[in-house]
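Read the figures in this text as sums done on the coordinates, not as results from a lab. Remember, predicted model here, so these are calculated numbers, not experimental data. Positions of Cβ are generated from backbone atoms using ideal geometry, with glycine treated the same way; all protein chains shown enter the neighbour counts.
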Amino acid sequence: MTKSLDWANLPFKYMKTDYNVRSTWKNGKWGPLELSDSEYIPMHIAATCLHYGQEAFEGLKAYTGKDGKIRIFRPDANAKRMIATAEYIFMQPVPEEMFLEAVKIVVDKNRDWVPPYGSGASLYIRPLLIGTGARIGVQPSDEYTFIILVAPTGPYFKEGFKPVSVMIDRDHDRAAPLGTGHIKVGGNYAASLISIDLAHKGGYAASLYLDSGSKKYIDECGPANFFGIKNDTYITPYSHSILPSITNDSLCVLAKEMGLKVERRKVPYEELSTFEEAGECGTAAVITPIGKIFDATTGDIFTYGKDGKPGPWSEKLYNRLRAIQYGDAEDPYGWVTIID
Ligand code: PLP
Ligand code: COI
C-alpha cells in the first residue's frame, strides 16, 4: 500500500524508507547485494572515504505512471558514469549489471514510497560508493562499500517550474573539478557550500559558477548544468570542470527533435546578455528556468523571460521530458526501465 504522505508538498529532503541495498568489495570480489533496514554504516575510523574523499555518488529518479507502473529514468547512464568516476579516483567500479540489479531491487522493495502519478513528486535514488578499507597513507582502499538509498522527494528548488534567481560568486570555486573523467565525487560539493550559503543569504536560489581558471566562461550551477536558448539554438557549456549531466544530454536530444540547433561549447560570460531563455537542468532540478542572474563582483544583472514565466522553449522541453519520464509519451530513445 502506498504510504499516505502529503505527496504534492514533499520537500527535497531525506526521509527514512523501508530498505536500502548494500554490497561490499573485499578480497578481490563483490559480495551479494543485501537488503538492510538500518540507516547506519559501521565503518573503520581510518576508512579512505573519511580521510581522502574516496567516494562517489549518483542521483536518479523513479516515477509512477498513469498505468501504475514504476519507471526509472536512464539508470544505465548513471551506472556508466559511476564506473567512470570510480576509475578516476581508483575505486573498485560497480559493474553495470550489478548497479542495475541493485536499483531494481531497492525500488521494488520500497514501492510504497514511490509517489503516485500526478503528485509531481518522485522517488529519488541515491547510489553511493565509498572506500571503507583502513589507510593512513594516501592510497586507494582495499575495501569498498556500495549502497543505494531512496527517498520520496518533491522539487529541489521550492519554486518548482518557475524562474529562479541565481548568483555568480567569483571568490568561491568548487575545490576540485566535477567533470574531469566524468566524475561525481562527494567531497567537492562541500567546497561549494560557502558559495551556496552566500547565494541563499542574498535571496538567490543557487550559485552559478564560472570556470575557475580564467573566470571567462560559464561552468554550471551548484546542483545542475546550465543552458541558454537563443535564435532557435540550445546552447550548453562545454567544460572539463562540470558534471556531464544525463538530464542535459537528454535535453540535447529532445531539443534536436523539436527542431532546435544544439551547441555544446564554451559559453563566454558576455553571452549571458544575449540569451532569450536560460535554465538549470539535472535530476533533482529537472528544468528550473532562470529569471535572473546577478554577478556579485561586477554588479551585472541579466534577466530572462516575461512576467515571471518560463520561456516557451524551456516549457516545451520540460513537458516533453516529463512526458517520457512519467510514461505519458512513448519512449523512442529507450530511456525508461519499467518495474511492473
Ligand atoms: N551538475 C551537478 C554539479 C550535479 O550535482 C548534477 C546532479 O547530479 C547535475 C549537474 C545534473 O546531472 P544529472 O542530470 O545527471 O542529474
Ligand atoms: C542530482 O540532481 O541528482 C544531484 O545529485 C544534485 C544534488 C542534490 C547534489
Practice prompt. Collect residues whose amide H, placed 1.01 Å from N in the peptide plane, falls under 5 Å from the amide H of ILE290; neighbours closer than 5 in sequence don't count.
Written response: VAL164, ALA278, GLY279, GLU280
Worksheet entry | Ellipticity estimate at 222 nm from DSSP helix runs (n ≥ 4, -39,500 (n - 2.57)) divided over the chain, nearest 500 | -6500 deg cm²/dmol
Worksheet entry | Cα-based reach from LYS266 at 26 Å (exclusive), listing lysines while leaving out same-chain residues under 8 positions away | LYS80, LYS184, LYS215, LYS216, LYS230, LYS256, LYS292, LYS316
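Taking the Cα centre of segment 7-153 as origin, sum charge times position over the Cβ atoms of Lys and Arg (+1) and Asp and Glu (-1), and report the length of that vector in debye to the nearest 20.
Dipole about the Cα centre, nearest 20: 380 debye.
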Worksheet item: How would you rank 227-236, 26-35, highest first, on the average number of other Cβ atoms within 10 Å across their residues?
Response: 227-236, 26-35
Discussion item. Given the options MET258, MET82, THR48, identify the residue whose Cα lies farthest towards the positive end of the charge dipole of the chain (+1 on Cβ of Lys, Arg; -1 on Cβ of Asp, Glu).
Written reply: MET258
Worksheet item: Relative to the Cα centre, what is the charge dipole magnitude of segment 164-324, using +1 at the beta carbon of each Lys and Arg, -1 at the beta carbon of each Asp and Glu, and rounding to the nearest 20 debye?
Response: 320 debye
Discussion item. Going Cα to Cα from LYS69, which lysines come in below 22 Å? Please leave out same-chain ones fewer than 8 positions away.
Written reply: LYS3, LYS61, LYS104, LYS109
Discussion item. At a threshold of 8 angstrom on Cα-Cα distance, excluding pairs fewer than six apart, so keeping six or more, what relative contact order does the chain reach in percent?
Written reply: 19 percent
Worksheet item: In nanometres, what is the gap between the two model label sites at ASP6 and LYS80, each 7 Å from Cα along Cα-to-Cβ?
Response: 4.1 nm
Response to the item:
A correct Karplus calculation of ³J(HN,Hα) over segment 265-270, with 6.51 cos²θ - 1.76 cosθ + 1.60, θ = phi - 60°, whole Hz and x for Gly and Pro, returns 7, 4, 10, x, 3, 4
Fill in: Full-stretch length increase - ASP142, MET15 - with 0.36 nm per residue and alpha-carbon distance subtracted
42.6 nm
Worksheet item: Separation between the GLU87 and ALA190 pseudo-spin-labels, each 7 Å from Cα along Cα→Cβ, expressed in nm?
Response: 2.8 nm
Practice prompt. Determine the percent antiparallel among the DSSP beta bridges restricted to segment 164-324, to the nearest 5.
Written response: 60 percent
Worksheet entry | Calculated from backbone phi, Karplus (6.51, -1.76, 1.60) coupling profile of segment 132-141 in Hz, x at Gly/Pro | 10, x, 7, 9, 10, x, 6, 8, x, 7
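Taking R0 as 45 Å, what's the FRET efficiency between ASP328 and ARG170 from their Cβ-Cβ distance, rounded to 0.05?
Given R0 = 45 Å and the Cβ-Cβ separation, E is 0.60.
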Worksheet item: Any idea which of PRO163, LEU193, LEU129 is furthest toward the positive side of the dipole for the chain, if Lys and Arg beta-carbons carry +1 and Asp and Glu beta-carbons -1?
Response: PRO163
Worksheet entry | Efficiency of FRET between THR297 and ASP340 - r from beta-carbon atoms, R0 51 angstrom, step 0.05 | 0.45
Fill in: FRET efficiency for LYS306 and LYS26, using Cβ-Cβ distance with R0 set to 45 Å, rounded to 0.05
0.20
Worksheet item: Any number yet on Rg/Rh for segment 164-324, C-alpha, Kirkwood?
Response: 0.93
Discussion item. Placing unit charges on C-beta atoms (Lys and Arg positive, Asp and Glu negative, everything else neutral), compute the dipole magnitude of the chain about its Cα centre in debye, rounded to 20.
Written reply: 160 debye
